[in-house]
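Asks: The structure is given below, and queries will be raised subsequently.
Any read-out appearing in this document is the output of simple, stated calculations on the displayed coordinates, not a laboratory observation. These figures come from a predicted structure and were not determined experimentally. Cβ atoms come from the backbone with ideal geometry, glycine included; neighbour counts cover every protein chain shown.
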Amino acid sequence: MTLSVADIKPNIASEVAASKAELLSGVHSEALRELLEHRGVLVFPQIGFSDDEQVEFTRTLGTFAPERTGEQVYSVTLDTNINELADYLLGSLYWHIDGTMNDVPIRASLLSSKVVCPDGSGDTEFANTYAAYDALDGADKQALESLRVMHAAWNTLFYYEPEPSFTTLRTMMAIGDRELPLVWNHRSGRKSLVLGCTARHVVDMDFRRSVELLVRLRDWATRPEFVYRHTWSVGDLVIWDNTGTMHRATPYDPASGRLLHRTKVEGEEAFH
Ligand code: SIN
């Protein structure tokens, strides 16, 4: 059985047409995994998975990764009436890779839309960090190859709360810090950039130059040719390869009701 696939942009995102039954049977698992790695983002318009179906489909793509709390499905919302820890998601409005604080970041995330913002806000953007690396010039590639970057969840705090209390800062700092390569040399031989709002500073580099470099590279990696912006309809499912993309939500009113359900595929490769 062949998959019906239409590329959305040359460097990122494809739309996949397949029935629920085919997707849940796992008959396309290998093809979808390969497509995901090469296209970064796969869109299944209005497939309308229930939570159980989303969990079942996630399992066809790899090892299912539950939340730290043990939940299978996570409610992505900024509304603290729905998710009391919703404030942690304020960082999701800035470019990031999930799991930069873990040894092995998750392989992929699946988001399905349950409620959209009535005013049409709350899109999700994705940037292909493989394509961004590939398009760098040779001198840049050489200069970046051996650089290491300190990542910290607490760094994201300053994006949305520039003057945090000491208590809030210490709570975020307790999550830890992690040194990661700037260029991820994947097992496949491909390379991607490891950037995002958890990136604090380039190790052993003057702080000003380090900030300059990280901002220049984020600017580069999020140029329109590397980015896909998804405007949600209820029932859409979007999967992204978390090892070769960054993503962010575009601003929306926390009281809008916007609700996405997320499941995850366990990581398979450490940052290297
Ligand atoms: C996320 O960063 O996982 C959530 C993205 C979104 O809310 O659009």
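Asks: So how far apart, in nm, are the two label points at Asp123 and Tyr160 if each is 7 Å from Cα heading toward Cβ?
Replies: Taking the simple label geometry, Asp123 and Tyr160 are separated by 2.0 nm.
Asks: Also, I was wondering about something else. Tell me the net charge near Arg190. Cut-off is 10 Å between Cβ atoms, Arg190 excluded, with +1 for each Lys or Arg and -1 for each Asp or Glu.
Replies: Charge balance near Arg190 sits at 0.
Asks: Quick check for you: which residues of the stretch 1-24 have the amide N under 18 Å from the point 7 Å beyond the Cα of His186 toward its beta carbon?
Replies: 7-15, by backbone N distance to the label point.
Asks: Using θ = phi - 60° and the Karplus relation 6.51 cos²θ - 1.76 cosθ + 1.60, list the HN-Hα couplings for the stretch 158-175 in order, rounded to whole Hz, with x at every Gly or Pro.
Replies: 5, 6, 10, 9, x, 10, x, 6, 4, 4, 4, 4, 5, 4, 5, 5, 5, 5
Asks: Can you list the residues, at least 5 places off or on another chain, whose amide H is less than 5 Å from the amide H of His201, using H built in the peptide plane?
Replies: Met150
Asks: Give, in nm to one decimal, the length gained when the segment between Met205 and Lys141 is fully stretched (0.36 nm per residue of separation minus the Cα-Cα distance).
Replies: 21.3 nm
Asks: Given only helices, namely DSSP H runs of n ≥ 4 each adding -39500 (n - 2.57), what is the per-residue ellipticity at 222 nm of the chain, to the nearest 500 deg cm²/dmol?
Replies: So the calculated ellipticity at 222 nm is -7500 deg cm²/dmol.
Asks: Right, something else. Cα-Cα pairs above 24 Å in the chain: how many percent?
Replies: The proportion of pairs with Cα distances above 24 Å equals 49 percent.
Asks: Modelled label-to-label distance, Ala270 and Met173, 7 Å Cα→beta-carbon offset: nm?
Replies: Taking the two extended label points, one gets 2.7 nm.
Asks: Right, next: If you take the C-alpha gyration tensor of the stretch 126-272, multiply each eigenvalue by 5 and take the square root, what semi-axes do you get, largest first, in whole Å?
Replies: Over the Cα atoms of the stretch 126-272, the ellipsoid semi-axes are 26, 22, 15 Å.
Asks: Same structure again: List Arg59, Arg216 from most exposed to least, where exposure is judged by having the fewest other Cβ atoms within 10 Å.
Replies: Neighbour counts put them in this order, fewest first: Arg216, Arg59.
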